[in-house]
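The values are calculated or read from the model by the stated rules, or taken from the named source; none is laboratory data. As the structure is a computational prediction, the values presented were derived from the model and not from experiment. Glycine also receives a Cβ, built like all others from the backbone with ideal geometry; neighbour counts cover every protein chain displayed. Just so you know, the surface numbers come from the protein's heavy atoms only, side chains and all, with ligands and any DNA or RNA stripped out. Shrake-Rupley method; radii C 1.70, N 1.55, O 1.52, S 1.80 Å.
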Amino acid sequence: MTEQPGRLAAYWERQLDKLEAAERKRARHLAGWRTRKHRRTLVAILVVADLIMIVGATRFKVAPEWVFPALWLSGLVVGGFAFLTLRILTGRMTNSFSRLLDEREREWRHRVTYIGYQALSYLMVIALLYSLFIAETENGGVRGAMMLSALLVTGTTIPAIVLGWSLPDDDPEDFEEGMGNA
């Protein structure tokens, strides 16, 4: 039974090594887009997509039948594209293991995680109040659930939004050095 922790630690190290190799490979993607200008453009697209989803949630079963699916799906698809692209451009700092990040990246991750947690908490209070406000209306429960999901998606994008907006441009020398090692 004493061998079990050693085997588990070795397994965990192999998994982290695989993640590190995948991150080095991914770091080469979209090299020309790793500027503040491109990240801020994606942030603007993501914020607009989040707002479209929230507006879609307020229009659920109120407007003509096509409004909700059109707004919701367009916001989800466009926002999903912008979110995934931002995660690539920010080096996936918001969800990487600490071992894969340097001290600066760990500090950024801690900051944006806290900001994201605070924003998500406030958004959930807004969803609660919205649900209470519309509870007695037709389809109030479903409308509240749609708003909750829209605000939850918005809240989970906050760390990527903050990183995408505020990170400085990558140092080209660091990037080329990383390319040479891979």
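Being outside any loop (DSSP other than H, G, I, E, B) and at pLDDT below 90, is that true of even one residue in segment 88-96? Yes, the conditions are met somewhere in segment 88-96. Of the residues making up segment 32-42, those that are surrounded by fewer than 21 Cβ atoms within 10 Å (Cβ to Cβ) and in contact (Cβ under 8 Å) with a residue 12 or more places away in the chain are TRP33, ARG34, THR35, ARG36, HIS38, ARG40. Only one entry in GLY140, GLY116, GLY80, GLY155 is farther than 30 Å from ASP17 by Cβ, modelled with pLDDT of 90 or more and of a type outside the set (Val, Ile, Thr), namely GLY155. Looking at segment 46-66, can you tell me whether even one residue there is within 16 Å of ILE158 (Cβ to Cβ), at pLDDT 90 or above and among the charged types (D, E, K, R)? Within segment 46-66, one or more residues are within 16 Å of ILE158 (Cβ to Cβ), at pLDDT 90 or above and among the charged types (D, E, K, R). The number of residues in segment 67-77 being at pLDDT below 80 and open to solvent by less than 50 Å² (accessible area, probe 1.4 Å) comes to 2.
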